[in-house]
Amino acid sequence: MKFKKRRWHCLPGQPLTELDKQVMYWENKGKEVPTRDLIKTPEQIEGIRIAGKVNTGCLDAVAAAIRPGMSTQEIDDICMQYCKDNNAVPACLNYEGYPKSVCISVNDVVCHGIPSPDTILKEGDIVNIDITTILHGYFADASRMFMIGEVSPQAERLVKVAKECMELGIAAVKPWHYLGDIGAACGSHARKNGYSVVTALGGHGVGKKFHLEPFVPHVGEVNTGMLLVPGMTLTVEPMINEGTYKVTTDAVDGWTVRTRDHKLSAQWEKTILITETGTEVLSS
Ligand code: MF3
Ligand code: CO
Ligand code: CO
């Protein structure tokens, strides 16, 4: 007899729940389903929710302080202090050797920009600040764009459209629909506005680790990819470029990701929970 390897495992000795039945129904129809560990328990969800509040608070503290003339190191210091004051840990610090607490990506830097006392924010810059906080072992991840002083109309439009891409991506998340719906929404809005979408990096599951399954692409087709099941927690974080979608990673620091053509890039990120009816934002 041919044995089909399942992704979804029922709990031994326990009756099937409605959720088990529904996931197995779609798995039997050949759809890609999550593994059980991607469906967070109420306790885990509460853990991520609380970490999310601290993470959002940290971004708020940065928002209140950011100004032209400030170094990106000063922003890193604010985040570090905020985490200390809230018994939290900045997840980026020492993550796979990353040297700072926050990622700060200015203009053509797409993501993973390393804070430095030598990088001074100046009028006209567009800046992504990406913060991930760990509280009692749970992670929450979010980023926002900041416009320093007055910026060009082109830069402002990119920042606005990138935010809309994230919002439309999140609005596309519905339980018992598919992961590809997110990328379809982000991608079509970006293209409609003459922009490209970075495909080399994407969103991810979040929980007791920084980056969990599934990888969340920001381009895609509706009704494709993994089934979205209530209890999953993930990030939506489209990186939207003015020019080419192609990126390069700095050969010297090994982290800084830039647009290949050095045109501008913008990104917004939220951590969300898939609920029975839609989504709950856990950090923004
Ligand atoms: N916060 C980023 C993300 O959204 C990851 C940063 S990893 C680091 O997934 F090591 F660069 F900090
Ligand atoms: Co992030
Ligand atoms: Co992320």
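The values are calculated or read from the model by the stated rules, or taken from the named source; none is laboratory data. Computed from a predicted structure; not experimentally measured. FYI the Cβ positions are ideal-geometry reconstructions off the backbone, even for glycines, and counts take in every protein chain you see. The protein model used for the area step is the full one, side chains on, heavy atoms only, and it has no ligands, DNA or RNA in it. Shrake-Rupley method; radii C 1.70, N 1.55, O 1.52, S 1.80 Å.
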Out of the residues in the stretch 231-250 that are more than 18 Å from the chain's Cα centre (by Cα) and away from ligand 1 (no atom under 16 Å from the Cβ), state the one that is least open to solvent (accessible area, probe 1.4 Å).
-> Gly243
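For residues in the stretch 115-147 being outside any strand (DSSP E or B) and open to solvent by 40 Å² or more (accessible area, probe 1.4 Å), which is farthest from ligand 1 (Cβ to nearest atom)?
Applying the first criterion (outside any strand (DSSP E or B)) to the stretch 115-147 yields 115-119, 121-125, 136-137.
Next, from what is left, pick out any that are open to solvent by 40 Å² or more (accessible area, probe 1.4 Å): 117-119, 122-123, 136.
Numbers: Pro117: 18, Asp118: 19, Thr119: 15, Lys122: 23, Glu123: 26, His136: 19 Å.
Among those that are outside any strand (DSSP E or B) and open to solvent by 40 Å² or more (accessible area, probe 1.4 Å), it is Glu123.
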What pairs can you find where one residue is in the stretch 79-101 and among the aliphatic types (A, V, I, L, M), the other is within 13 Å of ligand 1 (Cβ to nearest atom), and their Cβ atoms are less than 6 Å apart, with a gap of 6+ or different chains?
-> Met80/Ser101; Ala88/Thr133; Val89/Ile134; Ala91/Thr132; Ala91/Ile134; Ala91/Phe139; Ala91/Phe210; Leu93/Ser101
Within the stretch 162-169, is even one residue touching a His at 6+ places or on another chain (Cβ under 9 Å), farther than 29 Å from Asp85 by Cβ and crowded, with 21+ Cβ neighbours inside 10 Å?
-> yes
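Checking the condition at pLDDT 95 or above and touching a His at 6+ places or on another chain (Cβ under 7 Å), which residue from Asp108, Asp141, Asp125 passes? Quick ask: steps written out before the conclusion?
On the way: Asp141 fails: touching a His at 6+ places or on another chain (Cβ under 7 Å); Asp125 fails: touching a His at 6+ places or on another chain (Cβ under 7 Å).
Of Asp108, Asp141, Asp125, the one residue that is at pLDDT 95 or above and touching a His at 6+ places or on another chain (Cβ under 7 Å) is Asp108.
Take Arg6 and decide whether it is open to solvent by 70 Å² or more (accessible area, probe 1.4 Å), assigned to a loop (DSSP other than H, G, I, E, B), within 28 Å of Glu242 (Cα to Cα) and not acidic (Asp, Glu). Break it down stepwise before answering.
Numbers: open to solvent by 70 Å² or more (accessible area, probe 1.4 Å): yes; assigned to a loop (DSSP other than H, G, I, E, B): yes; within 28 Å of Glu242 (Cα to Cα): no; not acidic (Asp, Glu): yes.
In short, no.
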Quick check, is Gly220 in a loop (DSSP other than H, G, I, E, B), touching a residue at least 12 places away in the same chain (Cβ under 8 Å) and open to solvent by less than 40 Å² (accessible area, probe 1.4 Å)?
-> yes
Just give me the residues in the stretch 256-268 being surrounded by fewer than 23 Cβ atoms within 10 Å (Cβ to Cβ) and either within 16 Å of ligand 2 (Cβ to nearest atom) or within 19 Å of the chain's Cα centre (by Cα) (or both), in sequence order.
-> Thr256, Val257, Arg258
In the stretch 132-174, what count of residues is obtained for those that are more than 24 Å from Gly187 (Cα to Cα) and within 14 Å of ligand 2 (Cβ to nearest atom)?
-> 5
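Okay, residues lined up against (1) among the acidic types (Asp, Glu); (2) open to solvent by 60 Å² or more (accessible area, probe 1.4 Å); (3) closer than 22 Å to Leu234 by Cβ; (4) in contact with a strand residue (DSSP E or B) (Cβ under 7 Å, 6 or more places away or on another chain):
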residue: Gln14; (1), (2), (3), (4): no, yes, no, no
residue: Gln22; (1), (2), (3), (4): no, yes, yes, no
residue: Glu27; (1), (2), (3), (4): yes, no, yes, no
residue: Val33; (1), (2), (3), (4): no, no, yes, yes
residue: Asp37; (1), (2), (3), (4): yes, yes, yes, no
residue: Pro42; (1), (2), (3), (4): no, yes, yes, no
residue: Ala51; (1), (2), (3), (4): no, no, yes, yes
Unmet requirement for Asp253, which otherwise passes all of (1) of a type outside the set (S, T, N, Q); (2) open to solvent by less than 30 Å² (accessible area, probe 1.4 Å); (3) over 18 Å from the mean Cα position of the chain (by Cα); (4) within 30 Å of Leu135 (Cα to Cα) | (2)
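Could you list, in sequence order, the residues of the stretch 63-112 that are among the β-branched types (Val, Ile, Thr) and either away from ligand 2 (no atom under 16 Å from the Cβ) or surrounded by fewer than 22 Cβ atoms within 10 Å (Cβ to Cβ) (or both)? Reasoning before the result, please.
Keep residues of the stretch 63-112 that are among the β-branched types (Val, Ile, Thr), which gives 66, 72, 75, 78, 89, 102, 104, 106, 109-110.
Of everything in the stretch 63-112, those that are among the β-branched types (Val, Ile, Thr) and either away from ligand 2 (no atom under 16 Å from the Cβ) or surrounded by fewer than 22 Cβ atoms within 10 Å (Cβ to Cβ) (or both) turn out to be Ile66, Ile78, Val89, Val106.
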Of the candidates Glu150, Glu213, the one satisfying the condition of being acidic (Asp, Glu), open to solvent by 40 Å² or more (accessible area, probe 1.4 Å) and assigned to a strand (DSSP E or B) is Glu213
Checking Cys165 against (1) within 13 Å of ligand 1 (Cβ to nearest atom); (2) outside any strand (DSSP E or B); (3) closer than 15 Å to Leu264 by Cβ, which test does it fail?
-> (1)
Output the residues belonging to the stretch 152-178 that are among the hydrophobic types (A, V, I, L, M, F, W, C) and touching a strand residue (DSSP E or B) at 6+ places or on another chain (Cβ under 6 Å).
-> Ala155, Leu158, Val159, Ala162, Cys165, Met166, Ile170, Val173
